[in-house]
Each structure stands twice: as C-alpha cells, then as structure tokens.
Amino acid sequence: MKVGASNEVGLIATGGVRSDRPATTAAESGATRAEAGVSVDVSSTVQSLGRTGSGSGIDEAKVASMREAIANGTFTVNAGAVADKMLANAQEMLSRTRG
C-alpha cells in the first residue's frame with residue numbers, strides 16, 4: 001500500500017457505501033437508554049485495569065518534540081523498525097487464531 005493512497009480503493013474492495021449524510025447519535029436514532037439504578041458488577045480484574053490505565057505512561061516531552069519535528073518536516077521514519085513491528089504484530093495475530 002502506498003502512503004497517501006485514496007481510501008476509495010478500500011471502499012470498493014469491501015463493498016462499503018459512502019454516505020454524504022452526517023452520522024446520527026444513539027439518541028437521534030431512537031436507541032433506548034439504560035435506566036438509572038441498574039446495578040452492574042465489575043470484576044476485580046477490570047477494576048485493577050482501570051487503576052492501571054490512570055497513569056498515562058506517555059512521555060509528553062517526547063510527544064512534543066515529535067510533533068515539532070513533524071510540523072517542521074524534519075521527522076524521519078525508520079522504515080525497517082516499522083516493518084519489523086508490523087511483521088511481529090501479524091505473527092502474533094496469526095498465532096492467536098491458530099492456537
């Protein structure tokens with residue numbers, strides 16, 4: 001796939017339909033809302049995931065420097081590293097479906 005390729009190809013290949021009409025929200029489409037007072041039990045695992053996700057773990061200084069480099073046109077992509085990570089991700093996904 002070429003960078004900057006038109007998304008029209010994906011629509012044709014998947015049989016997708018392009019609409020010029022704005023998306024509707026759940027309230028606009030008549031979807032029902034959950035009533036207040038409905039109880040939900042959340043496992044301790046999910047609760048711990050919520051606590052773990054509260055710390056960002058993102059280096060804001062690095063993000064700012066990358067944004068600046070992109071804006072200045074000086075950001076360079078390490079194509080080899082990107083390709084290696086894409087292949088590793090694909091291999092992981094395939095191993096999940098087989099196992």
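Tabulated values for the structure
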item	result
Test: residue in region 21-43 that is in a helix (DSSP H, G or I), at pLDDT below 95, surrounded by fewer than 10 Cβ atoms within 10 Å (Cβ to Cβ) and of a type outside the set (D, E, K, R)	no
Single match in Ala71, Ala13 (criterion: assigned to a helix (DSSP H, G or I), modelled with pLDDT of 95 or more and either at positive phi or out of contact with any Cys (no Cβ under 6 Å at 6 or more places or on another chain) (or both))	Ala71
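The values are calculated or read from the model by the stated rules, or taken from the named source; none is laboratory data. What you are looking at is a predicted structure, and each value in this text was computed from that prediction instead of being measured. Reconstructed Cβ throughout: ideal geometry from the backbone, glycine too, with neighbour counts over all protein chains shown.
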